[in-house]
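One structure below.
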């Protein structure tokens, strides 16, 4: 099931950017977390419907909340139905999806029914004031439609590690200096020649990754956490922002925590790695 948001209906439908109803809304913003092994995406769905009249139809089993999950690249299609407004969860195996997953919610009529609707546009009302003002909805009709949400699912998309960064030489920078750039899908770290040389020497060192995690990468993560906090809409533009946002959800990180604590949790407490280094040297 997929409905064009611009489609014309012969009956009123609650949806964004349309005036079929006055002061009536329907939304269902999905969210998800990944399992520890990234194999299962668990979506949470909370439906927000303002119309008491339509809610009664759901309670009377003449209508239902319905959400459609679709992935064009893998032909994946899953339909979820419920009469519950909140606390709904849907599990999807990530092996079944690749690329863009779209999520669209509706209130779907399940039985032929005549509904006396409130707050509807006068264009739908009969001119005869004594005429029956009920609207006939047949089973399979849509009476409310949410916006379409989309999520990118690519293997390794939400792995938070050094592969999220790209270290580049900037010969114009003085020794010891480096800059962070966040206007691409990866977080670009431009560094002076001496820093690049140190990173190269650490590549094959047993604790090289730990040293980098606790120096330049930790500082860079603090920077991007702050930038995402200041500009949340970056999530819709860049891969790195999606990763940071998703990992905060997955790890249960509170946005009100200090930036350094958020960075530490995102990186799985990198300073604890230093203890292993010290013990190995003793």
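The values are calculated or read from the model by the stated rules, or taken from the named source; none is laboratory data. Computed from a prediction, not measured in an experiment: that's the story for all the values here. A quick note on method: Cβ atoms are made from the backbone with ideal geometry, for glycine too, and the neighbour counts reach across all protein chains shown.
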message: Contact list please: Cβ distance under 6 Å, first residue in region 257-281 and at negative phi and surrounded by 14 or more Cβ atoms within 10 Å (Cβ to Cβ), second residue modelled with pLDDT of 85 or more and not in a helix (DSSP H, G or I), pairs at least six apart or on different chains.
response: 262/253; 265/253
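Report whether or not residue 114 is touching a helix residue (DSSP H, G or I) at 6+ places or on another chain (Cβ under 9 Å), in a strand (DSSP E or B) and at pLDDT 85 or above.
Details: touching a helix residue (DSSP H, G or I) at 6+ places or on another chain (Cβ under 9 Å): no; in a strand (DSSP E or B): yes; at pLDDT 85 or above: yes.
No: the conditions fail for residue 114.
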task: Would you check if there is a residue in region 35-43 being in a loop (DSSP other than H, G, I, E, B), surrounded by 15 or more Cβ atoms within 10 Å (Cβ to Cβ) and modelled with pLDDT under 90?
output: yes
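Quick one: which residue in 101, 66 is free of Cβ contacts under 8 Å to residues at least 60 places away in the same chain, over 24 Å from residue 133 (Cα atoms) and under 26 Å from the mean Cα position of the chain (by Cα)?
101
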- request: Would you mind finding the one in 180, 225 that is at pLDDT 85 or above, within 29 Å of residue 44 (Cβ to Cβ) and in contact with a helix residue (DSSP H, G or I) (Cβ under 8 Å, 6 or more places away or on another chain)?
  value: 225
- line: The correct count of residues that are within 21 Å of the chain's Cα centre (by Cα) and at positive phi in region 16-51 is 1
query: Consider residue 61 against the criteria (1) assigned to a loop (DSSP other than H, G, I, E, B); (2) in contact with a helix residue (DSSP H, G or I) (Cβ under 7 Å, 6 or more places away or on another chain); (3) at pLDDT 95 or above: it satisfies all of them except one. Which criterion is unmet?
result: (2)
query: Here are some residues: 102, 53. Which one is surrounded by fewer than 18 Cβ atoms within 10 Å (Cβ to Cβ) and over 30 Å from residue 123 (Cα atoms)?
result: 102
field: region 183-218: number of residues that are surrounded by 13 or more Cβ atoms within 10 Å (Cβ to Cβ) and in contact with a helix residue (DSSP H, G or I) (Cβ under 8 Å, 6 or more places away or on another chain)
entry: 19
